[in-house]
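To start, the structure itself, in structure tokens.
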Amino acid sequence: MSMAGWMEIVLALVVGYVLWKVIPVLWRYYTFCQLVKPFKSKRKSNWFLGHLIHMSFTESVITSIAKLMEDNTNKMMIEWMSFIPNLHAIHPDTAATILKSSEPKPKGRGEPYSLFTPFLGDGLVVSNGTKWERNRKLLTPAFHFDILRPYVDIYNEAADILLDKYAKNMSESPNSLDVMDGLNLVTLDIILRCSLSYDGNIQEYKEHPYVKAIHEISRLTMVRVSKPWYFLSLTLFKMTSQGKEYMNHVNYIHRFADEVIAIRKKAIADDLSLLQKRRKLDFLDILLTAKDESGSGLTDEEIRDEVDTFMFAGHDTTKAVLGWAIYNLGKYPEEQEKLFREVCDVTGDRKDIEWEDLGKLKKMSMFLKETMRMYTPAGSTTRSLTKPLEIEGVTLPAGTWIMVNFYCIHYRPDIFPNPTEFRPERFLPENTENRHPYAFLPFSAGPRNCIGQNFSMNEQKVLLGRIIKRFRVVLDENHEVIPVPLFIVQARDGIKVRFEER
């Protein structure tokens, strides 16, 4: 056959492939773009980068979201990560429609939860379907009140170490200190001791390698998100110097989790009575011993995925909320004094905060909830539609993934008037009784809500209460605090305060 004949065959194959594969994909993409036009964002977009031009590590994310929601009466919004459509539910009505479903979350290439899989594996945050249902059911008993009650003693022991460190630092230097350094360690210490039976003297470190690794993974993930070609291909990202650095930190996270698991396995093997002495098992013990209806336990990989997930989610979000709570104590001294009086009234002459005290700290609950409204620990969650769904008059096809944007909902002025103002009284019973149940979502909602939310709230109350009772918090007014988006909203340059002994 002549060269011209071969060229004709190759051309025919290329044309056939384009007609068979490429054109249908482009048509579905075009059809979807037309379908979601009613949800167009109020923010300007770049023809290539889309709304990624608004991603900034210098402007306050709170300011950015507040501006976006200032006059936004829509319930849905679409923004673009370059040419990737990102559909947001930004109203309690649409959030409820999506979150009440237990449909699986997407993890494939170019989809949001693919960002988590390298270091969280297929744990509760990321898994879906029958695997998620099985593991959620197995792990729910680890967060029963009978399990959580004795943890309060550990919260107080960890608080003793933290407060003494703060006091020592302030006695050695009159300058303000960054509260996040201590909070990173104390929340990691607590989650390891309470749920993973691991006591590694975490708070003796100046900076624990795990804390550093999580910070760098978060930072480098945002770098990846800002460049669509890296977001679509982890393989391509791994080829860069930043991608290699990212994987080094991911590998450390996995090694540390393996160490925690191995130590507990050995302890149980050496002394089986460790499990028999407990009426109920903690998180890691359940992972190691649980069986489903078929008698199957979790594989080593599944155990590590859940440990990775809970170590990250159990310390990083709580640390962030506590940091912003301390910031608000310093920024609003009149609110600080209200909490101080309440803690003193509840605890009397006692230093520790006990289990029975937690429900009596009403003002503190409102203070923490308003902090989480303004500085939501996890800003969004994503669902993938397994069947067509009509939302706001638009029928979205199966396979559409939708982000429920907690930030946008928390800053809707039609739900929270003057949303940039800090007002704990928003959470008085008379102000919440008629509020939409999906208007406040710091722990998400529906079947896939945060399994550890009671653990986190209890920990926040004890640590914040202990800080308030011992110290007066004074904000360093010369230090600018800018909330920026990593996996969670964090202060770009930390949160600096002075602790004055009461």
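Please find the FRET efficiency linking ASP270 to LYS206, where r is the Cβ-Cβ separation and R0 is fixed at 35 Å, and quote it to the nearest 0.05. Provide the component values of the computation, followed by the final result.
Details: r = 32 Å, r/R0 = 0.92.
Plugging the Cβ-Cβ distance into 1/(1 + (r/R0)^6) gives 0.60.
Apply the a/c threshold of 1.5 to the C-alpha gyration tensor of region 404-477 and tell me whether it is rounded, prolate or oblate.
Here region 404-477 falls in the oblate category.
Amide H to amide H, which residues 5 or more places from SER41 or on other chains are under 5 Å from it, using H placed in the peptide plane?
Under 5 Å from the amide H of SER41: ILE78.
Could you work out how much longer the chain between ILE482 and ASP414 gets when fully extended? Use 0.36 nm per residue separation minus the Cα distance between them, nm to one decimal. Don't skip to the end; give the middle numbers.
Values: separation 68, 0.36 × 68 = 24.48 nm, distance 2.54 nm.
Length gained, ILE482 through ASP414: 21.9 nm.
Which listed residue (ALA398, VAL462, ALA142) has the Cα farthest towards the positive end of the charge dipole for the chain, taking +1 on Lys and Arg C-beta and -1 on Asp and Glu C-beta about the Cα centre?
Positive-most Cα among the choices belongs to ALA398.
Quick check: net charge around ALA439, other residues with Cβ under 15 Å of its Cβ, Lys/Arg +1 and Asp/Glu -1?
Working: positive: LYS75, LYS100, LYS369, ARG373, ARG412, ARG423, ARG426, ARG435; negative: ASP93, GLU370, ASP414, GLU433.
With Lys, Arg at +1 and Asp, Glu at -1, the net is +4.
Place +1 on the Cβ of every Lys and Arg and -1 on the Cβ of every Asp and Glu in region 360-494, take the dipole about the Cα centre, and give the residue among PHE427, HIS410, THR376 whose Cα lies farthest towards its positive end.
PHE427
Packing-wise, with mean Cβ within 10 Å as the measure, how do 200-208, 366-374, 430-438 rank, highest first? List each step's numbers first, then the result.
Working: 200-208: 14.3, 366-374: 23.6, 430-438: 11.9.
Going from most to least packed, we get 366-374, 200-208, 430-438.
Could you check the spin-label model distance between GLU59 and ARG149? Points 7 Å from the Cα along Cα→Cβ, value in nm.
Going by the 7 Å Cα→Cβ label model, 5.1 nm.
Just going by the charge dipole of the chain, with Lys and Arg at +1 and Asp and Glu at -1 on Cβ, which of LEU475, THR317, LEU358 is farthest out on the positive end?
THR317
About its Cα centre, how strong a charge dipole does the chain have in debye, to the nearest 20, once Lys and Arg get +1 and Asp and Glu get -1 at the Cβ? Mind showing how you got there, number by number?
On the way: 65 positive and 64 negative charges, 242 e Å.
It works out to roughly 1160 debye.
To the nearest 20 debye, what is the magnitude of the charge dipole of region 377-502 about its Cα centre, counting +1 on the Cβ of each Lys and Arg and -1 on the Cβ of each Asp and Glu? The partial results should precede the final answer.
Details: 16 positive and 14 negative charges, 97 e Å.
Value, rounded to 20: 460 debye.
How about region 233-330: which trypsin sites (Lys or Arg not before Pro) there lie in a loop by DSSP and see at most 14 other Cβ atoms within 10 Å?
Numbers: sites: LYS238, LYS244, ARG255, ARG264, LYS265, LYS266, LYS277, ARG278, ARG279, LYS280, LYS291, ARG304, LYS319; in loops: LYS277, ARG278, ARG279, LYS280, LYS291.
Qualifying residues, ordered by number: LYS277, ARG278, ARG279, LYS280, LYS291.
With the crude spin-label approximation of a point 7 Å out along Cα→Cβ, what separation in nm comes out for LYS387 versus PHE32?
Inter-label distance under the simple model: 2.1 nm.
Mean separation of Cα pairs under 8 Å and 6+ residues apart, divided by the residue count of the chain: what relative contact order is that in percent? Before the final figure, lay out each step's value.
Values: 681 pairs, mean separation 120.0, N = 502.
Averaging sequence separation for qualifying contacts and normalising by length gives 24 percent for the chain.
Please report the spacing between the Cα centers of region 40-82 and region 404-461 in Å, no decimals.
That distance is 22 Å.
Can you give the calculated 222 nm mean residue ellipticity of the chain, where each DSSP H run of n ≥ 4 adds -39,500 (n - 2.57) and the sum is split over every residue, rounded to the nearest 500 deg cm²/dmol?
Numbers: 22 runs with 262 residues, N = 502.
Calculated from helices alone, the mean residue ellipticity at 222 nm is -16000 deg cm²/dmol.
When the chain is fully extended, how far beyond the present Cα-Cα distance does ASP164 get from LYS238, taking 0.36 nm per residue of separation?
Working: separation 74, 0.36 × 74 = 26.64 nm, distance 4.21 nm.
Full extension from ASP164 to LYS238 adds 22.4 nm.
Which ³J(HN,Hα) values in Hz, rounded to whole numbers, follow from the phi angles of region 181-191 under the Karplus curve 6.51 cos²θ - 1.76 cosθ + 1.60, where θ = phi - 60° and Gly and Pro get x?
4, x, 5, 4, 6, 5, 6, 5, 4, 5, 5
Once you have the Cα-Cα distance between ALA262 and LYS40, take 0.36 nm times their residue separation minus that, and quote the gain in nm to one decimal.
On the way: separation 222, 0.36 × 222 = 79.92 nm, distance 5.08 nm.
Length gained, ALA262 through LYS40: 74.8 nm.
If each Cα of the chain is one equal point scatterer, what is log10 of I(q)/I(0) from the Debye formula at q = 0.07, 0.13 Å⁻¹?
Those come out to -0.41, -1.39, one per q.
What's the carbon and sulfur percent of the chain's accessible surface, probe 1.4 angstrom, rounded to a whole number? Write down the numbers at each step before the final one.
On the way: 12640 of 23090 Å².
Reported share for carbon and sulfur atoms: 55 percent.
Could you check the spin-label model distance between GLU425 and THR289? Points 7 Å from the Cα along Cα→Cβ, value in nm.
Reported label-point gap for GLU425 and THR289 is 5.1 nm.
Check which residues have an amide H placed less than 5 Å from LEU396's amide H, if you skip close sequence neighbours.
Correct list: LEU389, GLU390, ILE391.
Determine the dipole magnitude for region 342-403: charges of +1 sit on the beta-carbon of Lys and Arg, -1 on that of Asp and Glu, nothing else is charged, the reference point is the Cα centre, and the result goes in debye to the nearest 20.
Values: 9 positive and 10 negative charges, 56 e Å.
Charge dipole, region 342-403, about its Cα centre: 280 debye, nearest 20.
With every protein chain kept in place and ligands, DNA and RNA left out, what is the accessible area per residue of the chain? Probe 1.4 Å, answer in Å².
Working: 23090 Å² over 502 residues.
Spelled out: the 1.4 Å probe surface of the chain, per residue, equals 46 Å².
The values are calculated or read from the model by the stated rules, or taken from the named source; none is laboratory data. Here the structure is a predicted model, which is why all the values come from computation and not from measurement. Glycine gets a Cβ as well: all are built from the backbone with ideal geometry, and neighbour counts include every protein chain shown. Ligands, DNA and RNA are excluded from the accessible area calculation, which covers all protein heavy atoms including side chains. Shrake-Rupley method; radii C 1.70, N 1.55, O 1.52, S 1.80 Å.
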